[in-house]
Amino acid sequence: MSRRTPIDRNRRHLLQAMLAFPAAGIAGFTGFSGVVRGLSARGLAASEQSASLPLTPACDDGDDDPTPAQTAGPYFKPHSPERTTLAEPGLGGIPLTITGRVVTSGCVPIAGALLDFWQADHAGQYDTAGFRLRGHQYTDRDGRFSVTTIVPGLYPGRTRHVHVKAQAPNHPALTTQLYFPGEPRNSRDSLFAKALLLDLNEGSKDATFTFVLRAQAEPDSGEYAV
């Protein structure tokens, strides 16, 4: 009965390695480090491929915390007009566009989600007689939204903020507020929450935000309390 020598065993291991990594060849295979490089190369190729796909909100563990709820305050009005532009001609203030997505806690986009916005004007005044700087819209099939407005002004006791109701089809509405980074009054506003900060683009007044709702992604078939 023949007995394999250490040299025979080494040759057998080398042959197995070549079969497992045919593209590397003898010269390219260097044991475990070669395996790591091979995996890294495949991971890079997958990353390059995914870069061409539409971006989705990042999830830490597939179970993101939902967007915190906040008070609606005294100035909410139902039945706002459906529109994506709240800023009207002749209205003063700094232009602001907020874009983003509405997703489930598993980062699945919610199509047809309601977003109802209302806010103060540049002087810190709310329109309680009409619907200036008020409006609602629905997310597209990818859960995206975009609203054009102005930067709200300050009024006593509050930092700058935008009110919003977010509601997935057939689910309760989330009422919350969005805040602006770097505002001196943030630290003195008892309602301010870091989790509700807008991601403000440097050098502009364009901002983004992702609403995370406790909901399942469903077809748009619900009734909304607009």
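The values are calculated or read from the model by the stated rules, or taken from the named source; none is laboratory data. Here the structure is a predicted model, which means the values were calculated and not measured. So basically every Cβ, Gly included, is an ideal-geometry build from the backbone, and we count neighbours across all protein chains shown.
For this structure, a couple of remarks:
- Meets criteria (among the charged types (D, E, K, R), surrounded by fewer than 18 Cβ atoms within 10 Å (Cβ to Cβ) and under 26 Å from L213 (Cβ atoms)) for D127: no
- Enumeration of residues in region 67-107 that are within 19 Å of P152 (Cα to Cα) and of a type in the set (S, T, N, Q): Q70, T71, S80, T84, T85, T97, T99
- Any hit, region 195-206, residues being in contact with a helix residue (DSSP H, G or I) (Cβ under 6 Å, 6 or more places away or on another chain) and not charged (D, E, K, R): no
- Scanning region 151-160 finds no residues that are crowded, with 16+ Cβ neighbours inside 10 Å and under 19 Å from the mean Cα position of the chain (by Cα).
- Scan region 78-93 for residues that are in a loop (DSSP other than H, G, I, E, B), over 15 Å from A123 (Cβ atoms) and touching a residue at least 60 places away in the same chain (Cβ under 8 Å) and the total you get is 5.
- Annotation: of all residues in region 161-184 being of a type outside the set (G, A, S) and more than 22 Å from F76 (Cα to Cα), the one that is surrounded by the fewest Cβ atoms within 10 Å (Cβ to Cβ) is P184.
- L200 being at pLDDT below 95 and closer than 23 Å to R83 by Cα: yes
- Residue check, S187 exposed (fewer than 14 other Cβ atoms within 10 Å of the Cβ) and modelled with pLDDT under 95: no
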